Amino acid sequence: MSLSRRDFLKQSLGTSALVSASASVPCFLARTAAAAQTQPPQDDTILIVVQLAGGNDGLNTVVPFRDDLYAKNRPTLRLSAEKLHKLDGDFGFHPQMPGFYKLYQEGLLGVLHGVGYPNPNQDHPHAMRVWQSADLRPDASQTGWLGRAVDQIYQPEAARVPAVYVGQIPRPFAMNAERAIVPWVRSLDQYGLQGDDGQVPPETPHAEASSPDRAPFQQKTAGSSPAHDLLPFVQRVALAARATSRQVEAATKAPAGDYPRFQFAATLRTIVQLIRAHLGIRIFYAELGGDEPGGFDTHAGQALNHGALLEQLSESIAAMVHDLKRDRLLDRVLLMTFSEFGRTVAENGRRGTDHGSAQPLFVVGGKVRGGLIGQHPRLDDLESNGQRAHTDFRRVYATLLDEWLKIDSRPVLGSRFSPVAFLKT
Amino acid sequence: MLLDPQNIDPAWAWAAYQPDAERPWDLRLAGHLFRRAGFGATWPQLQQALRDGPAKTVERLLRPEDDVAAFNRLYDEFERSIDPEAESTDGLRVWWLRRMMESPHPLLEKMTLFWHNHLAIPRNRPTHALSLAEHLQLLRAHALGQFDQLLDAAVHDAAMLLALSGGANRKAQPSLDLGRTFLEELTVGPGHYSESDVQGVARAFTGFMVVRHRLRYVEREHDDGAKKILGRQGPWNGHDAVKIALAQPSTARRVVAKLYRWFISETEPPSDSLLEPLVAGFASEHDIAKVVGTMLRSNLFFSNLAYRQRIKSPVEFAVGIVRGMETVVNAEPLGHELAELGQDLCHPPTTKGWIGGSTWLTDATWIRRHNLAWALFSTAGPYGGKLDPWAVARKRGGSAFEAVGRFLADLYLQGDLSPASREVWSRATARADSAKANPSQGVRTLAHVVVTLPEFQLA
C-alpha cells in the first residue's frame, strides 16, 4: 500500500501537528500543509511516452503471418508462424515479446495499426522532429508537443513542473517548452540534497518581515505591498524541494517490483518510483534505442538486434505494469510507444530493412481498450516502399491530450483532430 | 516615503538617488547595485563602493578604468580557436562563462546576456559554433552602444538570419517566419503589426543567403518592388525595415520595458507614464548606455520597489557565488549544470528568450541549485575546491569563526537576512565553530548554507 501525498508531506515536514495550523506555525507552512490536505485524491491521469529511435520494423513486431506477401517480401527476415505469440488467426507478436503477449491477453495492451502522416519524411532527424513537434513543418515549430502541453498545465506558483524526462541521451525536443523547465532525470540520486543534515524545521526559514534593526532600509522606504515580496515564494520553493527530496527518497526505499536487467527497465522503474513519490508529475518521456540514428535503424543484419530491442521493450513494460498493479496505479497510467517511421515492407538484400512509413503504435494501461485497433495496412498498396498510413499520429496525440490527460489539444496541435477509440469508455 | 507602484512620480523615480539620513548609502544598496549591474561583488568592490558613493560607483560600472577592450580582444581570440565546423556550442559557452566570471566589465556581459535574451536564437535552429561566436561578439560590441546599430547589425548576421528561417530568403518565397519574428519579438511587438507588414518585412529581407555560415547578398534574389511596412510604402530593404520599425514608439517602449524588468523589477509591470521619460529619449537617441545609466542611478532603482524584486537566473546565481570568492572555476561542467537549471547559454528555448522570474525556481531546480552550490564549494568534484571561503574570509574578514560567518553573510547577502534565515545562519556558524579541527571544511559548509538561503536566490 502506498503512502498518500498527505502522509508524505507530514513525513517530510517531520510533524503532523503542522496541519493543525497552530499560531506558532509560520503562515506559509500552514498554507502549504493545508494545500496538501485539500489536494484532490491522487487520481490525476499520467502519460508515459516511449520513443523508439531509429524506425521500428512494425512488420516484424506485429507480424501478419497469414499474409503471403509478408513471407514473399521477407525471404530471410520472416518469422515463422509457429514461433509467434499469436493474437488471432492473422497476427502474432515477435517471439521475443512474451510480456506483451501476456498484457495483450489481459486486455491491457492495444495495437494501433497504420499510424503515420501524409507525405511521410524518411530522414531520421526530420521525421523524429515531426513526431516530437507534432508539426509537419517541424522547423517552424520552436516547442515540442509535450512541452506545449506542459506549459498549459504548469503553474509557476506551484513550484513544480508536471513533466519529467527520464533517460541517458540528451533531452528530446518533444519536451522543449516555452516556460516550464522540464527536469532531465538520469538517476533518482539527483533528488538528494547534498550536505544536508536532515534537520528540517530549524533549517526552513519562514516568512516574516526582516527585523527592524537589520533592515532600516526597508522600514524607511516601505511601500511595496507583501504581494510583491518574493521571499515567501522562494521559501515555499525551498520547502517544496525538501518535500520532493524526501518523497523521492521514501519512494526509492519502498519495495519495488522485479524488473529485468535492462537500462530501459531501470528507466521505467525510475518512472514508477516517481509516480509513487506523488510529485504531481503527469507526463513522462522515456526512450529506447538511444541517440540518432537509433538502435531500431536496422539496415543490415536486423534479426538479432531487432529481437533484442523488442525483448527489452516488451519485458520491461510488462514488469512495469506488474509493478503498477501492486499499488493499483495501473488505472491512472497510460504508456504509448512511437518510432519516427516504420520500415520498408521488402527486405533490402542485406538482411535488413530501410526507412518506411506507417507503423503500429502500442498503448498500454488499465484503461486502454486492449486488442488490435484499426485495419492493418495492406502490403500491396505501398507508400515510399512502406505501409500506407490511415491514421494521422496527431489523432492519437489528440486522444491522449483531450480524453486521457484532459488537456485541451487544440492549442497543442494547432487544430482539432478526431479521436481514436483506444480508451475504455 | 510610501511608494505605490502604480502611481509613482516619474520625475522622482528617474532622478538620481542622493543618499540621505532616510536612505543612507550602505552595504545593502551597494550589493544590490552589483547584483543588477553585474553578477555580484567581491568584498573589495563592496568596500570601494562604500567609499566612493553611488554616483561614482555607477560610473565605474558603466565605464570601468581597466582595459576592457584588451580583455575582450583576448577572449575573442580564444573563441576563434573553436573548431570552425563544430555544431556544438559547448566550447563557446565555456568562454562566455569565463568572461562573466573574469571580465573587468561585468555590466557589458550582463547586457550581452540581455540582448542574447531579446534577440534570442531558439534551441531547435541549426547552430554553428563559429558564427554564433561572431554573433555574440556583435551583441557585445553594441551591448551598451546604439540600439539602432545593434538591431541593424543583428538582423544582418548569419547566425540570426539562420535562426529566423531567413537563411535562404528568395524573391519567390520570402520567409514569413523571419518577418513575423522581426515584428513580434524584436521590434514593435504583438498588436502593433498586421499580416501585410509580415509580408513586407519578409520581402525587404529577400536576397540575403547564408552560404557555408557566411552571409551573402544575392542581388537577383532581392525583391526591389514597393512594400508596405507599418504604414510606409517604398522599395524597402532590410536596413529600411529596421529604420521603419525603430521609428515606431512601440519598439522603444518594448525595449525600455524589458530593460526595466531586467534592471529594476520583474514583480510589477511599469505603467506607461513611468516609462515615458525614458522611452522618449531612447526612441530618438537609441542610446543604450544612457537608459541603463539612468536606471542604475535612479531613486526607483535604490527603492524597495527594486530591491530583491527579481529572482536570480541560474547564471546570476552561479557566477555570483564564484565572483564573491575572487576566482574562476572550470566553466565546462558549470555550463552543463546551468543548462540543467534551465539556462542553456547560446540556446534559449524559443525566440521569446528565457521567460525567467518564478519559472526559474521549482522543486527540481532548487535541489540542483543546492547541489551545484555544494559542488562549487567542495574540495572534490568537477570544481576542484577552487572556491576557498576560509582563505577569502581570513584575508578579508578575520579568522574568528563568528567573524567568518558574518563576513560570508555580508559578502553574499549584505547581512540582510530574515529572522529565520538568520537562525539558520547562526546555527551553521556555530557548527563551523565546533568543527575547528578542520576550519577549511567547516567554512565550506557554512558558505554553502549562506548561498542556499532563500534571500540569495533574489537579485
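Would you check if there is a residue in the range B:185-200 being under 30 Å from B:E109 (Cβ atoms), of a type in the set (V, I, T) and touching a Gly at 6+ places or on another chain (Cβ under 6 Å)? Within the range B:185-200 (the criterion being under 30 Å from B:E109 (Cβ atoms), of a type in the set (V, I, T) and touching a Gly at 6+ places or on another chain (Cβ under 6 Å)), the answer is no, since none of the residues qualifies.
Looking at A:K83, A:K102, can you tell me which residue is surrounded by fewer than 16 Cβ atoms within 10 Å (Cβ to Cβ) and closer than 21 Å to A:G307 by Cα?
On the way: A:K102 fails: surrounded by fewer than 16 Cβ atoms within 10 Å (Cβ to Cβ).
Result: A:K83 is the single residue among A:K83, A:K102 that is surrounded by fewer than 16 Cβ atoms within 10 Å (Cβ to Cβ) and closer than 21 Å to A:G307 by Cα.
B:H156 meets the conditions (1) outside any helix (DSSP H, G or I); (2) within 14 Å of chain A (Cβ to nearest Cβ) in every case but one. The failed one is (2).
The rows are residues; the columns are (1) aromatic (F, W, Y); (2) within 24 Å of A:F100 (Cα to Cα); (3) buried (at least 21 other Cβ atoms within 10 Å of the Cβ); (4) touching a Ser or Thr at 6+ places or on another chain (Cβ under 9 Å).
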position: A:A318; (1), (2), (3), (4): no, yes, yes, no
position: A:V333; (1), (2), (3), (4): no, yes, yes, yes
position: A:T337; (1), (2), (3), (4): no, yes, yes, no
position: A:D408; (1), (2), (3), (4): no, no, no, no
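Note on the range B:388-459: enclosed helices (runs of 4 or more DSSP H) holding 3 or more residues that are within 14 Å of chain A (Cβ to nearest Cβ) and of a type in the set (A, V, I, L, M, F, W, C) are B:419-434, B:439-451.
Residues in the range B:366-381 that are more than 10 Å from every other protein chain (Cβ to nearest Cβ) and touching a residue at least 12 places away in the same chain (Cβ under 8 Å): B:L376, B:T379. Scanning the range A:123-140 for residues that are surrounded by fewer than 21 Cβ atoms within 10 Å (Cβ to Cβ), away from every other protein chain (no Cβ under 14 Å) and either modelled with pLDDT under 95 or in a helix (DSSP H, G or I) (or both) yields one hit, A:H124. From the list B:L186, B:L230, B:L178, the lone residue that is at pLDDT below 95 and surrounded by 21 or more Cβ atoms within 10 Å (Cβ to Cβ) is B:L178.
From (1) in contact with a Gly (Cβ under 7 Å, 6 or more places away or on another chain); (2) farther than 30 Å from B:R394 by Cα; (3) at pLDDT 95 or above; (4) within 11 Å of chain A (Cβ to nearest Cβ), pick out the condition that doesn't hold for B:L62. Checking B:L62 against (1) in contact with a Gly (Cβ under 7 Å, 6 or more places away or on another chain); (2) farther than 30 Å from B:R394 by Cα; (3) at pLDDT 95 or above; (4) within 11 Å of chain A (Cβ to nearest Cβ), the one that fails is (4). Taking the listed residues A:R78, A:R160, A:R66, the one that is within 11 Å of chain B (Cβ to nearest Cβ) and either free of Cβ contacts under 8 Å to residues at least 24 places away in the same chain or part of a loop (DSSP other than H, G, I, E, B) (or both) is A:R160, with no other qualifying.
Filter the range B:326-365 down to the residues that are over 25 Å from A:Q142 (Cα atoms) and surrounded by fewer than 20 Cβ atoms within 10 Å (Cβ to Cβ), then identify the one that is nearest to the other protein chains (Cβ to nearest Cβ). Walk me through it before giving the result.
So in the range B:326-365, the residues over 25 Å from A:Q142 (Cα atoms) come out as B:326-334, B:363.
From what's left, surrounded by fewer than 20 Cβ atoms within 10 Å (Cβ to Cβ): B:326-328, B:330, B:332-333.
Working: B:E326: 23, B:T327: 21, B:V328: 22, B:N330: 18, B:E332: 16, B:P333: 14 Å.
The extreme case among them is B:P333.
Of the residues B:V201, B:V218, the single one that is surrounded by fewer than 18 Cβ atoms within 10 Å (Cβ to Cβ) and of a type in the set (V, I, T) is B:V218. Scanning the range B:12-34 for residues that are free of Cβ contacts under 8 Å to residues at least 24 places away in the same chain and among the aliphatic types (A, V, I, L, M) yields one hit, B:A21. If you filter the range B:112-134 down to residues that are among the hydrophobic types (A, V, I, L, M, F, W, C) and free of Cβ contacts under 8 Å to residues at least 60 places away in the same chain, you find that the one that is farthest from the other protein chains (Cβ to nearest Cβ) is B:A133.
For the range B:135-146, enumerate the residues that are part of a helix (DSSP H, G or I) and more than 16 Å from B:A69 (Cα to Cα). Give the derivation first.
Quick first cut of the range B:135-146, residues part of a helix (DSSP H, G or I) only: B:135-142.
Passing the criteria: only B:H135.
When the range A:168-181 is filtered for residues that are more than 9 Å from every other protein chain (Cβ to nearest Cβ) and crowded, with 21+ Cβ neighbours inside 10 Å, the ones remaining, listed by number, are A:P172, A:A174, A:M175.
When B:G342 is tested against (1) farther than 22 Å from B:R98 by Cα; (2) at pLDDT 95 or above, just one condition goes unmet, and that condition is (1). For the range B:270-288, does any single residue satisfy the condition of being of a type in the set (G, A, S), touching a Leu at 6+ places or on another chain (Cβ under 9 Å) and closer than 24 Å to B:W354 by Cα? No - not one qualifying residue is present in the range B:270-288. Scanning the range B:280-311 for residues that are surrounded by 23 or more Cβ atoms within 10 Å (Cβ to Cβ), more than 10 Å from chain A (Cβ to nearest Cβ) and not in a helix (DSSP H, G or I) turns up B:L300, B:F301.
The values are calculated or read from the model by the stated rules, or taken from the named source; none is laboratory data. Not measured: the values here are computed from a predicted model. Glycine gets a Cβ as well: all are built from the backbone with ideal geometry, and neighbour counts include every protein chain shown.
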